[in-house]
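The values are calculated or read from the model by the stated rules, or taken from the named source; none is laboratory data. Treat the numbers as computed from the prediction; the structure is a model and nothing was measured. Glycine gets a Cβ as well: all are built from the backbone with ideal geometry, and neighbour counts include every protein chain shown.
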Number of protein chains: 2
Amino acid sequence: MLSIVQNSLGGPEVLEPAETEIPEPAFTEVQVRVHATSVNPVETYVRAGHFPLIGQPPFVLGWDVSGVVTKVGPGASRFAVGDEVFGMPHFPRAASAYSEYIVSPTRMLARKPASLDHVHAAALPLVGLTAWQGLVDFAQVGEGDRVLVHAAGGGVGHIAVQIAKARGAYVIGTASTAKVDFVRSLGADEVIDYRTTDFAEVVRDTDVVFDVVGSGTGERSFPTLRRGGTLLTAVEHGNAELRAKTEAAGLRFLGVAVEPDYTGLEALARLVEDGKLRPHVSSVLPLRDAAKAHELVESGSTQGKVVLTAA
Amino acid sequence: MLSIVQNSLGGPEVLEPAETEIPEPAFTEVQVRVHATSVNPVETYVRAGHFPLIGQPPFVLGWDVSGVVTKVGPGASRFAVGDEVFGMPHFPRAASAYSEYIVSPTRMLARKPASLDHVHAAALPLVGLTAWQGLVDFAQVGEGDRVLVHAAGGGVGHIAVQIAKARGAYVIGTASTAKVDFVRSLGADEVIDYRTTDFAEVVRDTDVVFDVVGSGTGERSFPTLRRGGTLLTAVEHGNAELRAKTEAAGLRFLGVAVEPDYTGLEALARLVEDGKLRPHVSSVLPLRDAAKAHELVESGSTQGKVVLTAA
């Protein structure tokens, strides 16, 4: 089968199409024909060697997947051949979704919502679970909460806006000028163009700030939070100094590192079926163009997700 | 810390106490001080080399764990230091629970039910999830179903009887003479002493047969099932011939290979808190006596579970 293999750490050019063995499903696993996978910023960090989640090359990157079950391993009775599934198996360990086939334990997958095609379903797991686990499982955002979402036009951000709205929150998003209309179209109640307006000057009294940007964005958000409010970060969870400063400011510090979770995937699928959530895909490329997809993601200019198709 | 390391495949004597490094929690993980772990038959197969789930020695066996969170890795916000948790992280891959400390992704653990001590909570995950995923997730046992549980006094069996009863089923258990009273005490409606009575002669019209024995028990159970009934097996899921025969007999074949699942653990914890489920522990030994624990499990005479304590 075709996989994108990398034999060394480096720039996008290390991602090379290569022929690999189709994996066979073991005990607890199904084999999935990958129709689409999506590219997340974390994969660009792993590719370049800045985040050694899966050891040293050679390896195949990729976690997000949407596809069709082609074989069922012993005891893997949650699915049957032909079922359409999506998920992000094994994150943050063993990756391999930049491939025509993967194997996965069944409880790292869920049924693909029927109203999403594979391209859009592959765009959802990693960013969707990050937003769901952060906003719902941890911060418990609910009716009437005021939520500030940074980079609200990006991969995690554009899903976070929709999930917070679906939970009944009042949502304020920050975005660059080019993405303001997009973020408004997602249902945000207010959108701040961070190129022209300092959010720290104009936003007040939020219950939750969701930071997927880092580089000081969390600390600059302190004045926007009500006393006791929550700084939820998907990027600086390991920053002990930021945690200490947050707590010293009378705020709650919460990190979210996304994990595989079929229950969360099922919750996302229900939001999709209810018409409350739709991942936005800005670019679709064939799997063999993974290097180009990484360049796009690293440009930082994409609105929503970059997807690779393998079928 | 103390771990039980094995450097070669073989009999119980290959399990040796040794000093190992305390693992540090990574991204998504917590570190858990293991208070107790339990021994499952699958570990005796892996130890002996009959079921190569985790590669070649040296390795540390063990999946079931109950303990206390001692460190929280970046973004692992589901738990805080001091939380009591239980689970079977990474099954059927990387094992290490025969140790004083483990690390685990947070969604492979759940909060320990307060009414169980660590010894009993450590006895529950692998057998409890096997029974829950098989009977509830897959076979969907409910009110009024007739369920035959084989080896109803064993590790999986004694939990399966209680779960089926909690779901409102009519439960028939098979057991050896010495375990008949024990199985009755679990709430089974009928208990068949398989040493004196052939279950295939006396049981009829069941909706589900749960086989954790193998060696022909599944096929011999065909006459006990109603037309369209389900043969659920936790041991012969890979037996294609048995599957074909089952389907040819007008029955449904279902295998269950257990997977980590915090949702399932939470369901088990609720049954415990509701007074409907309690694991039975027949022997408790200190961790360094893991070899003796394996001998006990291999003797086949234990009622319920064998637990190792590490604190």
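Worth a mention:
- The one condition from (1) over 19 Å from the mean Cα position of the chain (by Cα); (2) more than 20 Å from A:LYS305 (Cα to Cα) that A:THR263 does not meet is (1).
- On inspection, B:THR309 qualifies as among the hydroxyl-bearing types (Ser, Thr, Tyr) and closer than 25 Å to B:ARG33 by Cβ.
- Filtering the range B:133-142 for residues that are outside the structural domain of B:GLU16 (by TED's automatic domain parsing) and among the acidic types (Asp, Glu) leaves a non-empty set.
Here's the yes/no breakdown for (1) among the basic types (Lys, Arg); (2) surrounded by fewer than 17 Cβ atoms within 10 Å (Cβ to Cβ); (3) not in a loop (DSSP other than H, G, I, E, B):
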site	(1), (2), (3)
A:THR44	no, no, yes
A:PHE51	no, yes, no
A:GLY67	no, no, yes
A:LYS71	yes, no, yes
A:ALA80	no, yes, no
A:HIS90	no, no, no
A:ALA94	no, yes, no
A:ALA97	no, no, no
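- Within the range A:236-250, if we keep just the residues that are at pLDDT below 95 and within 16 Å of A:PHE210 (Cβ to Cβ), the residue that is nearest to the other protein chains (Cβ to nearest Cβ) turns out to be A:HIS237.
- If you go through the range B:25-79 and keep only what is within 11 Å of another protein chain (Cβ to nearest Cβ) and not hydrophobic (A, V, I, L, M, F, W, C), you end up with B:PRO25, B:THR28, B:GLU29, B:PRO52, B:GLY73, B:PRO74, B:GLY75, B:SER77, B:ARG78.
- Meets criteria (out of contact with any Pro (no Cβ under 7 Å at 6 or more places or on another chain), modelled with pLDDT of 95 or more, farther than 17 Å from A:SER301 by Cα and not assigned by TED's automatic domain parsing to the domain that holds A:VAL42) for A:VAL156: no
- Some residue of the range A:93-111 being touching a residue at least 12 places away in the same chain (Cβ under 8 Å), farther than 26 Å from A:THR20 by Cα and not aliphatic (A, V, I, L, M): yes
- Some residue of the range A:202-213 being within 14 Å of another protein chain (Cβ to nearest Cβ) and hydroxyl-bearing (Ser, Thr, Tyr): no
- Answer residue from the range A:9-55, given it is small (Gly, Ala, Ser) and at pLDDT 95 or above and is farthest from A:ILE159 (Cα to Cα) among those: A:ALA18
- Of all the criteria given as (1) touching a strand residue (DSSP E or B) at 6+ places or on another chain (Cβ under 8 Å); (2) among the β-branched types (Val, Ile, Thr); (3) outside the structural domain of A:LEU116 (by TED's automatic domain parsing), the one not satisfied by A:VAL284 is (3).
Results for (1) buried (at least 24 other Cβ atoms within 10 Å of the Cβ); (2) over 30 Å from A:GLU84 (Cβ atoms); (3) within 14 Å of chain B (Cβ to nearest Cβ), shown as yes or no for each residue.
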position: A:SER115; (1), (2), (3): no, no, no
position: A:LEU124; (1), (2), (3): yes, no, no
position: A:ARG167; (1), (2), (3): no, no, no
position: A:ASP181; (1), (2), (3): no, yes, no
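- Any chance B:GLU13 is out of contact with any Leu (no Cβ under 6 Å at 6 or more places or on another chain), assigned to a helix (DSSP H, G or I) and surrounded by fewer than 24 Cβ atoms within 10 Å (Cβ to Cβ): yes
- Qualifying residue in the range B:1-8 (condition: at pLDDT 95 or above, away from chain A (no Cβ under 14 Å), farther than 11 Å from B:GLU100 by Cβ and surrounded by 15 or more Cβ atoms within 10 Å (Cβ to Cβ)): yes
- Annotation: B:VAL119 fulfils all but one of (1) assigned to a strand (DSSP E or B); (2) under 14 Å from B:LYS305 (Cα atoms); the unmet one is (1).
- Checked against (1) away from chain B (no Cβ under 12 Å); (2) at pLDDT 95 or above, A:SER282 meets all criteria but (2).
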